[in-house]
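Below is one structure, written out as structure tokens, with a few remarks after it.
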Amino acid sequence: MGDLNSEWQAELARAYNSAESLAAALQLPQSWVTSHHSARKLFPIRVPRPFAELIEAGNPDDPLLLQVAPHAHEHAQRDGFSTDPLGEADATATSGVLHKYGSRVLVILRGGCAVNCRYCFRRHFPYDEHKFGQAECEQALNYIQLHPEINEVILSGGDPLMAKDRQLETILTAFAALPQIRRIRIHTRLPVVIPQRLTTELKTLLMGVGVPVIMVLHINHARELGQRLADTLSQWNNVGITWLNQSVLLKGVNDSAETLCELSERLFEVGILPYYLHQLDRVQGAAHFAVEDAQAILIMQEVTARLPGFLVPKFVREIHGEASKTPINLQR
Ligand SMILES: *Cc1c(COP(=O)(O)O)cnc(C)c1O
Ligand code: SF4
């Protein structure tokens, strides 16, 4: 039977990591490579093949491609776009642990992701300083015990599912064993770009954690929900895991009511509810993805008019120092 983790790890290892290889796979011309590859130095290219297969060949404006293709615009320095837009450096409680919101802590389990999204607010995050080994885990457990108001642990990253199952199991069971912890959340994009990450072993592991598990995927466009992910999710029905989705509002990718409605409908079809739609965090190198608030509000007004309430994601932005994500008022 072999190593059951090996399929997703093999996909990780053979992800496209250059504009040239991506262009060859997607039948994009040499001119595309020339105009796109310089930004690779700012943030490396990383696109797993199962995700690349969902991109329409020959279309440089494909909404999935735009999320992962480096662009010369990333060199632009724009006022108000910084390398640490959320002030995360200030919110570090212990190594790898961010405590910004009273009842939940965010644990940066792993630096690095299976895919490098060009708009990522953590593209400048000092992951090298954030390894999360046994010592860090013990510090985190101590910190949580000293803060009884914490009742939820959120594994984030990077992508926490980059960790091997054994490490995940150790950490999840350690957190879940604290009596104050009522649930555990995992924020991940990995199953979207490599659906094979959702192995039977992972399912069994998550069912045995001891507290309810919530999986929050990160999907921005209905076409990211391919057949393989849909089929896999259907095997994860009724195992007691809650599935939510968060998206980022991105110019050229999902900045229309039509696209966002279709995303919500498609999410529901496969058993996921929309949770958040984030207004872009103002991270240096991502200004070309920004949708102005006035425009965004018009889009969300239309989404709200067209969908049942439970399919409308909460439209929020993150403001440094606030006690929660801040809802963006649609009534103007
Ligand atoms: C977004 C975020 C959370 C989770 O917020 P919810 O509103 O509970 O989804 C927790 N901690 C940090 C540091 C965050 O950025
Ligand atoms: S998967 Fe998430 S954390 Fe990783 S690069 Fe994409 S947006 Fe950033």
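The values are calculated or read from the model by the stated rules, or taken from the named source; none is laboratory data. As the structure is a prediction and not an experimental result, all values here were calculated from the model. Please note: Cβ atoms are built from the backbone with ideal geometry, for glycine as well, and neighbour counts cover all protein chains shown. For accessibility, only protein heavy atoms count, side chains too; no ligands or nucleic acids. Shrake-Rupley method; radii C 1.70, N 1.55, O 1.52, S 1.80 Å.
Of note:
- From the options E292, E269, E258, E265, residue that is exposed (fewer than 15 other Cβ atoms within 10 Å of the Cβ), of a type in the set (D, E, K, R) and over 21 Å from R223 (Cα atoms): E292
Listed here are the residues, each with its yes/no results for (1) of a type in the set (F, W, Y); (2) in a helix (DSSP H, G or I); (3) away from ligand 2 (no atom under 16 Å from the Cβ).
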{"residue": "E258", "(1), (2), (3)": "no, yes, yes"}
{"residue": "E265", "(1), (2), (3)": "no, yes, yes"}
{"residue": "F268", "(1), (2), (3)": "yes, yes, yes"}
{"residue": "G271", "(1), (2), (3)": "no, no, yes"}
{"residue": "D281", "(1), (2), (3)": "no, no, no"}
{"residue": "L298", "(1), (2), (3)": "no, yes, yes"}
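- Only one of the numbered conditions (1) open to solvent by 40 Å² or more (accessible area, probe 1.4 Å); (2) assigned to a loop (DSSP other than H, G, I, E, B) is not met by G285, and that is (1).
- Checklist (1) within 16 Å of ligand 1 (Cβ to nearest atom); (2) part of a loop (DSSP other than H, G, I, E, B); (3) loosely packed, with under 14 Cβ neighbours inside 10 Å applied to G58, failing item: (1)
- Count - residues of region 14-43 that are open to solvent by 80 Å² or more (accessible area, probe 1.4 Å) and either in a loop (DSSP other than H, G, I, E, B) or modelled with pLDDT of 95 or more (or both): 3
- Selected residue (criterion: farthest from L198 (Cα to Cα)) from residues of region 122-145 that are among the aromatic types (F, W, Y) and at pLDDT 80 or above: Y143
- Count of region 210-267 residues which are of a type in the set (F, W, Y) and farther than 29 Å from L172 by Cα: 0
- Scan of region 235-251 for residues that are more than 22 Å from E318 (Cβ to Cβ), at pLDDT 95 or above and not aromatic (F, W, Y), ordered by number: I241, T242
- Region 307-319 residues that are under 30 Å from V283 (Cα atoms) and modelled with pLDDT of 95 or more, paired with ones that are buried (at least 17 other Cβ atoms within 10 Å of the Cβ) and basic (K, R) (beta carbon under 6 Å, 6 or more apart): V316/K325
- Residues considered: H99, H75. Of these, the only one that is more than 12 Å from ligand 1 (Cβ to nearest atom), touching a Leu at 6+ places or on another chain (Cβ under 9 Å) and of a type outside the set (D, E, K, R) is H75.
- Taking every residue in region 172-192 that is among the polar types (S, T, N, Q) and pairing it with any residue that is in a helix (DSSP H, G or I) and within 16 Å of ligand 1 (Cβ to nearest atom), at least 6 positions away or on another chain, the pairs with Cβ-Cβ distances below 8 Å are Q180/I144; T188/P160.
- Of the residues making up region 121-132, those that are within 13 Å of ligand 1 (Cβ to nearest atom) and open to solvent by less than 50 Å² (accessible area, probe 1.4 Å) are R122, F125.
- Region 302-311 - residue that is under 18 Å from N220 (Cα atoms) and not hydroxyl-bearing (S, T, Y) and, of those, surrounded by the most Cβ atoms within 10 Å (Cβ to Cβ): V303
- Subset of region 1-13 (residues that are outside any loop (DSSP other than H, G, I, E, B), open to solvent by 30 Å² or more (accessible area, probe 1.4 Å) and in contact (Cβ under 8 Å) with a residue 40 or more places away in the chain): E7
- Selected residue (only one of K251, K314 is within 15 Å of ligand 1 (Cβ to nearest atom) and surrounded by 13 or more Cβ atoms within 10 Å (Cβ to Cβ)): K314
- Unmet requirement for H320, which otherwise passes all of (1) under 30 Å from A39 (Cβ atoms); (2) outside any loop (DSSP other than H, G, I, E, B): (2)
- Taken across region 18-29, residues that are in contact with a helix residue (DSSP H, G or I) (Cβ under 9 Å, 6 or more places away or on another chain) and polar (S, T, N, Q) do occur, with at least one present.
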